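Everything on this sheet refers to the single structure shown next.
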Amino acid sequence: QEQLVESGGGVVQAGGSLRLSCLASGRTFGTYAVGWFRQAPGKEREFVAGISGFGDRTYYAASAKGRFTISRDNAKHMVYLQMNSLKPEDTAVYYCSRIRIPTLTPGGGSWGQGTQVTVSS
């Protein structure tokens, strides 16, 4: 069964950048579509970006498009989220998960600890 661990969060001023990493394990990792989600206090968890199993197709929420880039390196069992031009409204705990296509919804299983991103104004 696949295990996902997020890292790379931190505190950054508005306009800055962060790169999040998702380390995955499991015998079928190379075939999994993976997405990033985020949840701020008092808000629902929302989809941010997704990538197909072999990286040939990507998906973005409107809030992320043009600022965030998702990528993966299957040889390293890693999925990344490069976040540029960060805004205070990007502040949230970020999680990675398997996703369903084409609905871009979590594919099941448990959520990890996530990684905190805080953008100050």
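Does Leu23 satisfy the criteria of being modelled with pLDDT under 95, touching a Gly at 6+ places or on another chain (Cβ under 6 Å), more than 30 Å from Ser121 (Cβ to Cβ) and not in a loop (DSSP other than H, G, I, E, B)? Against the criterion (modelled with pLDDT under 95, touching a Gly at 6+ places or on another chain (Cβ under 6 Å), more than 30 Å from Ser121 (Cβ to Cβ) and not in a loop (DSSP other than H, G, I, E, B)), Leu23 does not qualify. Of the strands (runs of 3 or more DSSP E) that lie entirely inside segment 32-95, those containing 2 or more residues that are open to solvent by less than 40 Å² (accessible area, probe 1.4 Å) and closer than 24 Å to Gly15 by Cα span 34-39, 46-51, 68-73, 78-83.
When every residue of segment 50-73 is checked against the conditions, at least one turns out to be over 15 Å from the mean Cα position of the chain (by Cα) and among the aromatic types (Phe, Trp, Tyr). Taken together, the criteria place Ser25 among residues that are in contact with a strand residue (DSSP E or B) (Cβ under 6 Å, 6 or more places away or on another chain), closer than 18 Å to Glu6 by Cβ and exposed (fewer than 13 other Cβ atoms within 10 Å of the Cβ).
Residue-level check: of (1) closer than 23 Å to Gln113 by Cβ; (2) at pLDDT 95 or above, Val5 misses just (2). Every condition in (1) more than 18 Å from Ala24 (Cβ to Cβ); (2) of a type outside the set (Val, Ile, Thr); (3) in a loop (DSSP other than H, G, I, E, B); (4) open to solvent by 30 Å² or more (accessible area, probe 1.4 Å) is met by Gln116 except one, and the failing one is (3).
The values are calculated or read from the model by the stated rules, or taken from the named source; none is laboratory data. Note that the structure is a prediction, hence the values are computed from the model and not measured. Please note: Cβ atoms are built from the backbone with ideal geometry, for glycine as well, and neighbour counts cover all protein chains shown. Note: accessible area is taken over every heavy atom of the protein model, side chains too, but ligands, DNA and RNA are not part of it. Shrake-Rupley method; radii C 1.70, N 1.55, O 1.52, S 1.80 Å.
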